[in-house]
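The structure appears right after this line, and notes come after that.
The values are calculated or read from the model by the stated rules, or taken from the named source; none is laboratory data. This is a predicted model, so every value here is computed, not measured. All Cβ positions, glycine included, derive from the backbone under ideal geometry; neighbour counts span all protein chains shown.
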Amino acid sequence: MAKWVELSDGSRRPDPQGRQEVDEHGRGLWRVEAITPADQADERDKTAVVEILVASHDQPAVGGFGQPLHFEGLVMTPGYVQRKTGQLTPPRWSADGIRGQAAPRPGKAQGDAA
């Protein structure tokens with residue numbers, strides 16, 4: 001479920017930063033969109049946009065369009081058939097992080113004196 005933020009006028013809306021609640025380690029959950037290439041066996045040559053939930057203390061830096069992303073601990077949970085509609089839901093993707101981006105730990109910053 002999306003995290004909602006309260007605006008200065010008292011109204012509420014989904015968090016514009018894309019941040020969703022937190023995981024069991026206190027890391028924020030961020031939605032990252034990625035384009036997957038077409039399957040070589042697919043004659044339609046159709047790419048797809050997938051949304052991957054990434055756990056991170058800071059908003060993930062995804063770079064520019066077309067730059068490859070290497071996800072750590074990438075997991076796909078298959079969709080299921082909804083009872084009411086009979087339609088297949090899309091699969092859900094999650095990852096522990098994006099390779100090359102160290103997850104800062106809460107607490108003291110590096111270089112702080114004890």
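Across the stretch 15-48, what is the total count of residues that are within 22 Å of residue 100 (Cβ to Cβ) and not in a loop (DSSP other than H, G, I, E, B)?
Count: 10.
Is the stretch 84-92 home to any residue that is part of a strand (DSSP E or B) and either basic (Lys, Arg) or modelled with pLDDT of 80 or more (or both)? Working first, answer last.
We begin by selecting, within the stretch 84-92, every residue part of a strand (DSSP E or B); these are 88, 92.
The next check asks that each one be either basic (Lys, Arg) or modelled with pLDDT of 80 or more (or both); those that pass are 88, 92.
Checked the stretch 84-92: at least one residue is part of a strand (DSSP E or B) and either basic (Lys, Arg) or modelled with pLDDT of 80 or more (or both).
For residue 42, are the conditions met, namely being acidic (Asp, Glu) and more than 19 Å from residue 95 (Cβ to Cβ)? Let's see the steps before the verdict.
Working: acidic (Asp, Glu): yes; more than 19 Å from residue 95 (Cβ to Cβ): yes.
For residue 42, the condition - acidic (Asp, Glu) and more than 19 Å from residue 95 (Cβ to Cβ) - is met.
How many residues, within the stretch 23-69, are surrounded by 12 or more Cβ atoms within 10 Å (Cβ to Cβ), hydrophobic (A, V, I, L, M, F, W, C) and either in contact (Cβ under 8 Å) with a residue 24 or more places away in the chain or in contact with a Pro (Cβ under 6 Å, 6 or more places away or on another chain) (or both)?
Adding up the residues that qualify gives 11.
Which of the residues that make up the stretch 70-81 are in a strand (DSSP E or B) and either within 16 Å of residue 97 (Cα to Cα) or in contact (Cβ under 8 Å) with a residue 40 or more places away in the chain (or both)?
Passing the criteria: 71, 72, 75, 76.
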